[in-house]
Amino acid sequence: MFKILKKKIEETIKKVSEKIKEVSIEEKKGLEEEYKKEEIKEIEIKEKPEEKEELEKREESKGFVREIEKEEFKEVIEETKRSTEKREELVGKREPKRLEEVKEIKKEKEERGFVPLFEKEIKESDIEKLRNEMIFNLIEADVALDVAENIFEEFKKLIIGKKVKITKLEENIKEAFKQTILNLLNLQEIDIEEIIRRNKENGKVSVILFLGFNGSGKTTTLAKIGYMLKKKGFSIVFAAGDTFRAASIEQIEEHANKLGIKLIKQKYGADSTAVIYDAVEHAKANKIDVVLADTAGRSHANVNLMDELKKICKVIKPDLKILVLDALTGNDVVEQAKRFNDAVNVDGIIFTKADVYEKGGAIISAVYTIRKPILFLGIGQEYEDIERFEPEKIIKSIFD
Ligand SMILES: Nc1nc2c(ncn2[C@@H]2O[C@H](COP(=O)(O)OP(=O)(O)OP(=O)(O)O)[C@@H](O)[C@H]2O)c(=O)[nH]1
Ligand SMILES: [Mg+2]
């Protein structure tokens, strides 16, 4: 689902790392000699005569102590211990790390003909040079321009000022990018089942309203959620709140019949609020846990239909207003999300058609724009084809 976004982010990370590496090498070309000195220092540490002596002394003492191990040699044992610790401090502990660094430098030298810097502090100017390229890559994966710009700014905050080993540059850039996207997706989670359970304990019916643009997948998603909740043991009633589109009532009726869920409906042209209201009354009277209410697809540009939606929300006061967005719409979902959220303050989003959407960026853009969590992803046309949205899992699929 995030195939293209993954590819574009990988490209970006590679490019950013390479460019910064180049910059730092340019900056430090003259430092080859210094690193040679480092290497020499390393060897000196290893072969310092006094340390060698200490070591020999320790070895000798050890043998001696092992042989006799008597109370009067306590002092010798202590002294041995002290000198061993000192040596470890001087040589033992430093050695592997320093040697590893020298090895890395040697490798760089072989590859490039000169030695780059150990560490580089990443400066704003290093990153700014890459602004256009990074933003363009994100746009190619369907991320909206202003969202891509914001991602860039957030990424910058995480990476600027960091001292990064040149050999670990790519790793660090990747980590900062990963954290940026995770921060963006990690919003307060909504647990539908928990909401229904809590209401039930208080003797209340839960009402979940599905709204969104024409054909975004509202009715199908409603049926999937009905199927899921029924399996979990909740009692459900559907409300045929779309009294507008031809065949919409038959469509939801077919789902209701297949799933064995009661449908409350009226005639075409009836007031949508009244239909949903009836369903809520029915649920109250019959101790049904949850009403799943369908609504007609509408364009945010259609003032009358948007007013109708506002009226439904005002009268019914749903526990959850779920905006159903079709991922395939691409960048237009940002405008849709903004307008629907402005009109009725949605609680969360369900993205449908994630099974056929490869770019991924629209999902990031919509969440960033309205800061509302994604509850589920629709991944096909069958009732089971819905999965919980887990930011960590998404991040894993993009970055690992
Ligand atoms: N591949 C795929 N198709 C889906 C998914 N969700 C819905 N669809 C299909 O999208 C089409 C439209 O779905 P509906 O549920 O009728 O959409 P709607 O929003 O209720 O449409 P209107 O009521 O006309 O506004 C149908 O053919 C669904 O099978 C999904 O997650 N993946
Ligand atoms: Mg529908």
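The values are calculated or read from the model by the stated rules, or taken from the named source; none is laboratory data. These numbers were taken from a predicted model, which means no experiment stands behind them. All Cβ positions, glycine included, derive from the backbone under ideal geometry; neighbour counts span all protein chains shown. The area values use the complete protein model at the heavy-atom level, side chains included, leaving out ligands, DNA and RNA. Shrake-Rupley method; radii C 1.70, N 1.55, O 1.52, S 1.80 Å.
Might you report the magnitude of the Cβ-based charge dipole of segment 192-390 about its Cα centre, with Lys and Arg at +1 and Asp and Glu at -1, to the nearest 20 debye?
Details: 29 positive and 27 negative charges, 124 e Å.
In total the dipole reaches around 600 debye.
Report the dimensions of segment 242-356 along its three principal axes from the alpha-carbon atoms, largest first, rounded to Å.
Reported extents, whole Å, longest axis first: 42, 32, 27.
What does the net charge come to around residue 269 if you take all other residues with beta carbon closer than 14 Å to its beta carbon, with K and R at +1 and D and E at -1?
Numbers: positive: 245, 265, 267; negative: 242, 271, 308.
Computed value for this residue: 0.
Can you give the Kirkwood hydrodynamic radius of segment 192-390 from its Cα pairs, in Å with one decimal? Before the final figure, lay out the partial values.
Details: mean 1/r = 0.0603 Å⁻¹.
It is 16.6 Å.
May I ask you to give the percent of accessible area on segment 130-234 that is carbon plus sulfur, with a probe radius of 1.4 Å? Kindly include the intermediate steps, with their values, before the conclusion.
Numbers: 2220 of 4780 Å².
Ligands and nucleic acids excluded, carbon and sulfur give 46 percent.
With unit charges on the beta carbons (Lys and Arg positive, Asp and Glu negative) and the dipole taken about the Cα centre of segment 104-242, which residue among 205, 240, 138 sits farthest to the positive side?
The one lying farthest along the dipole's positive direction is 205.
Can you tell me the relative contact order of segment 149-262? Whole percent, Cα pairs under 8 Å, sequence separation 6 or more. Mind dumping the intermediate values first?
Details: 47 pairs, mean separation 17.5, N = 114.
In percent, rounded to a whole number, it is 15.
Please compute the per residue accessible area over segment 192-390 with all protein chains in place, 1.4 Å probe, rounded to a whole number of Å².
Working: 8430 Å² over 199 residues.
Value returned for segment 192-390: 42 Å² of accessible area per residue.
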